[in-house]
Amino acid sequence: MKNYIIILLSFLYSCTPQKLNDVDNKINDLLSQMTLQEKVGQMTQINLTVIAKGPNKWTSSFPLMIDNKKARKAIVDYKIGSVLNTINNTAQKPKTWFNTITDIQKYAIDSSRLSIPIIYGIDAIHGTTYTDGATMFPQQITTAASWNPENAYNMALVCAYETRASGIPWNFSPVLDLGIDPRFPRQFETFGEDPLIVKKFGEAMIKGYQGKDNDVSNKYNIAACMKHFLGYHATISGKDRTPAYISENALREYHLPSFKTAIDAGAKTIMINSGLINGIPVHADYNILTNLLRKELGFEGVILTDWEDINKLYDRDKVAKSKKEATKIAINSGIDMSMVPYDYEEFCNNLIELVEEGEVKMSRIDDAVSKILKLKIELGLFKTPVTDYREYDDFGSEKHNQLAYKAASEAITLLKNEENILPIKGKSRILITGPNGNNMRTLNGAWSYSWQGELTDRFASGYNTIYEAFVNTYGSKNVKYVPGVSYKDGGNYYEMVENSISKAVYEAKRSDYIILCLGETSYTEKPGDLNDLKLHDLQVKLANELSKVNKPIILILNQGRPRLITDIQGLMKGIINIYLPGNLGGNALVDIVSGVVNPSGKLPYTYPAFPNSLIPYYYKPSEVQNNSQGAYNYVGKVNNLYDFGYGLSYSDFSYSNFNVDKNEYSRSESIKVTIDVTNNSDIDGKETIQLYISDLYASLTPDNKRLRDFKKIKINAGMKKTIEFILPVSELSFINASNMNVVESGVFNIKVGDFNKDISIK
Ligand code: BGC
């Protein structure tokens, strides 16, 4: 028997690990031949502009060209192993990408001693951002509002295909940060405020990018890069790259689960939070990078810095007295590759010196380089250094655009529908007004054809703006567009100009409906920092003036974060949040307004009512206080305009027969919850059933409630469905004061819709 087992084990060993051994052998073989300079080069990532020049938005006929002298110096002399980004911050054609990366690889492969290919990385976060003609999906926040992870999977699947069609194998996506703060300029890049949603949608994106078996050598798959590890959005000021103070148990409770799940799903690379937590810049934090990420979570892929972040340890965060010391701290903390991305000579020279002086161990360098080489081997770059756009017929296809449309139409969220003003059927006279009514830039947001998204109207002119989509549905005779106010051409994203409010009012009088399109234009990162969460004064003025006409106004919110509308929401008959719905957003919106599509999106964040009341739905109980004994008024309440998970439908759903299978459970059991959902209307619709749990008493003050499961289902007119949730008791855990994941015994309240029941855990 023993012999059989040994034979079986050696057979299994000879089958599966063989491939692994090949990879390990190749890595060891290369490492044994590499000079220190060659190793350090592999750890260095530069911006394309360092070695190339080429077209910008005004000179599209000028070719993108690799500068021979600069490329030779960087890639042949300094042995640089990675390049990122685009040229002049402008999207390029797939053919241009193919030619450019082919040229770059020639320096790395033909002219270098060990022929190690370059790994090219890019930000393709809602579609292949920097490729002309790529399919632009809704941004992550919009996708989350669909409450259907399949849309995240589709987005990643198409994006992987189209990124490979652009010759690029590595994507700095998905964003697994918790979009916890409506002020933060990158909330739209996240899946919103709830840890469970971020986890589920993030995992779906890893599968879409890397394939279900993580075979990234497949020419339709790419390596994902989870970002930005860890706690990036939880800053005190709400501004980008400013300090956060997060206790270890809060980090683990809210921010870590999405990364842990993605690591377990096989995500290949990770990018580090450019900010600082508890006074320590994350790029300098050995505890987070090595103890937590490497040792505890077992992450074996490549750890990449964010933009220039090693230098920032010196020139911004002042924890290093020189760039050289900054390099020492970051590499010793666990960084494998530095997105330098400009002054690579200084970075390489510093790191070489540090190794020679014994300040950075060669074993740390070998560890980093082997991870980078492994990634290159796994991606198939040694065999196919650049994938060929001619093999990707579905690039930008109708099929791909249909998936982007589906995601947008499932996400758009109906927030108000007074007197069933919507849908608008028939040929009514419609005024489209507001600064977001007739442009593609606002539909897409940033990371669309350029970093800040300011080129979108040039690149996406083949798609419909809101106005164009309404013309297609209601007819050009019935639809008028008057902006009223506009974003300032060439200005900061928050600057507006008044142009024609009186004209808008004049046209409003001659219309049956006013579609008022307000919100924000595109921004991200520091340029998107915000001083006032309220809508711009001019937008409020336009709304107020239009309201005097006494025609029904439908407010369309097209924005990257929930801007405050408390002052004007009472003037609106209908309110629809379209977030950043992508190139197909105009079509999806008009289909909802006209009733072709029944809205089914739900808010993936809390919609605040006031600037000083910004808390997620899982706030602590003390946010709500009843009058205390005595003379004083101690009342506290939560002021949301709309709650997390809120969203209306044209159907009328009701819940009944709520049942929890037992009253008491042990820790190894699962809780079975069932509920009937009936569509009482004559319109087919989709409903998302949300299961919340409140821990009533715990050793750390428990959250008000937590989403523990959800299901989105279609229920046809007049039909009833029974929904079942099986929730392991282990899912009721929290991170306690000793940073342990525990389920404490006691009473928990289970809620679905208006129903709830207490159960106890032994
Ligand atoms: C952003 C990252 C991005 C990187 C490369 C940084 O400024 O924070 O999200 O991946 O630039 O473009």
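Before moving on, here are some points about what is shown:
- Partners of Lys324 within straight-line reach, counting lysines whose Cα lies under 18 Å from its Cα and excluding those fewer than 8 residues away in the same chain: Lys39, Lys312, Lys361.
- Antiparallel DSSP beta bridges within the stretch 412-608, percent to nearest 5: 25 percent
- Inter-label distance, nm, simple model (7 Å from Cα along the C-beta direction), Asn56/Lys488: 2.0 nm
- Positive-pole candidate from Val597, Pro435, His536, dipole of the stretch 412-608, charges at beta carbon: Val597
- Percent antiparallel among DSSP beta bridges (both partners in the chain, rounded to 5): 55 percent
- Approximating the spin labels as points 7 Å out from Cα along Cα→Cβ, the Lys637-to-Ser730 distance works out to 4.2 nm.
- Other-chain or far-sequence residues with amide H under 5 Å of Gly753's (modelled H): Gln690
- Unit charges on C-beta of K, R, D, E only; dipole of the stretch 35-188, Debye: 580 debye
- Of all accessible heavy-atom area on the stretch 198-325, the percent that carbon and sulfur account for (1.4 Å): 49 percent
- Accessible area expressed per residue, the chain, with surrounding protein chains retained (probe 1.4 Å, Å²): 39 Å²
- Computed from phi, the 3J(HN,Hα) profile of the stretch 607-623 under the Karplus parametrisation 6.51, -1.76, 1.60 (θ = phi - 60°) reads 8, x, 9, 9, x, 9, 10, 10, 9, x, 5, 9, 5, 7, x, 5, 5 Hz, with x in place of Gly and Pro.
- Theoretical gain in end-to-end length, Asn663 to Leu31 [0.36 nm per residue, Cα-Cα removed]: 221.5 nm
- Cα Rg over Rh - the chain, Kirkwood: 0.98
- Three-way shape label, the stretch 614-762, alpha-carbon gyration tensor, a/c 1.5: oblate
- Rounded FRET efficiency, nearest 0.05, which uses the C-beta distance separating Lys212 from Asn544 and R0 of 41 Å: 0.20
- Phi to ³J(HN,Hα) by Karplus 6.51 cos²θ - 1.76 cosθ + 1.60 over the stretch 747-762, Hz, x for Gly, Pro: 9, 10, 9, 9, 10, 9, x, 8, 8, 7, 8, 8, 10, 10, 10, 7
- Here the chain is assigned +1 on the Cβ of each Lys and Arg and -1 on the Cβ of each Asp and Glu. Its dipole about the Cα centre then comes out at about 920 debye.
- Where labels lie 7 Å past Cα in the beta-carbon direction, separation of Asn739 and Ala609 in nm: 3.9 nm
- The stretch between Met65 and Arg390, if pulled fully straight at 0.36 nm per residue, gains 114.9 nm over its current Cα-Cα span.
- Over 24 Å (Cα to Cα) - which of Lys260/Lys534; Lys207/Lys705; Lys328/Lys383; Lys260/Lys328; Lys602/Lys721 fall in this group: Lys260/Lys534; Lys207/Lys705; Lys328/Lys383; Lys260/Lys328
- Ellipticity at 222 nm from helices only: DSSP H runs of n ≥ 4 in the chain, each -39500 (n - 2.57), divided by the residue count, give -8500 deg cm²/dmol.
The values are calculated or read from the model by the stated rules, or taken from the named source; none is laboratory data. It should be emphasised that the depicted structure is a prediction, and the values quoted were computed from it without experimental measurement. FYI the Cβ positions are ideal-geometry reconstructions off the backbone, even for glycines, and counts take in every protein chain you see. Accessible surface is based on the protein model in full, side chains and every heavy atom, while ligands, DNA and RNA are left aside. Shrake-Rupley method; radii C 1.70, N 1.55, O 1.52, S 1.80 Å.
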